[in-house]
Amino acid sequence: MLRALTLFAFTCGCSALLASARFPAVAPHVNAQMLFGGRSSAVEEDFKRRQEKLAQRQALAKTQPKGAVEVTFPQKGNKVVAAKQGEPIGAVCKRAGMRIKFDCKNGRCGTCQVRLNGRAAAKVCQGATIPGGATRKLKITLDNP
């Protein structure tokens with residue numbers, strides 16, 4: 001009997017063992033955490049915190065229109081402009097008050113090149129657009145201010 005009980009506790013966990021045991025003085029809604037300590041572990045607290053943050057982000061996403069992107073320009077004092085996915089970067093920069101230089105107007109010289117989130121380079125004169133997908137925030141930095 002003890003071996004079977006130990007095997008059950010090993011495979012199913014302590015809470016399953018407590019649920020299967022019959023304690024006459026314990027109410028059926030009492031779990032192992034209530035019996036053995038009363039405080040949650042760091043893992044459970046971290047999980048709860050992450051779930052709350054996720055719920056906040058999802059609620060914020062529901063209030064914004066579909067495809068909305070928050071574009072930040074660090075060279076303009078972190079000015080923030082709202083844009084839509086697929087919108088030309090040149091139009092967004094113009095709305096933010098940024099002037100982009102064009103020398104060759106076909107992308108060879110690189111004066112119109114911008115960085116998206118500090119990584120990917122896009123040339124505005126070639127019709128670069130705000131990327132689609134899961135992008136909600138974008139930081140555009142001019143390579144040649």
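The values are calculated or read from the model by the stated rules, or taken from the named source; none is laboratory data. Predicted model, so just to flag it, every value in this text is computed and none were measured. Using ideal geometry, Cβ is built from the backbone for each residue, glycine included, and neighbour counts are taken over all protein chains shown. What goes into the accessible areas is simple: the full protein's heavy atoms, side chains included, and nothing from ligands, DNA or RNA. Shrake-Rupley method; radii C 1.70, N 1.55, O 1.52, S 1.80 Å.
Tabulated values for the structure
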read-out	value
Subset of segment 66-83 [of a type outside the set (Gly, Ala, Ser), farther than 21 Å from residue 143 by Cβ and in contact (Cβ under 8 Å) with a residue 12 or more places away in the chain]	70
Any strands (runs of 3 or more DSSP E) falling wholly within segment 28-125 and containing at least 2 residues that are at pLDDT 85 or above and either in contact with a Gly (Cβ under 8 Å, 6 or more places away or on another chain) or open to solvent by 80 Å² or more (accessible area, probe 1.4 Å) (or both)	79-84
Residue tally, condition out of contact with any strand residue (DSSP E or B) (no Cβ under 8 Å at 6 or more places or on another chain) and of a type in the set (A, V, I, L, M, F, W, C), over segment 59-84	3
Of residues in segment 126-140 being assigned to a loop (DSSP other than H, G, I, E, B) and open to solvent by 60 Å² or more (accessible area, probe 1.4 Å), the one modelled with the highest pLDDT	136
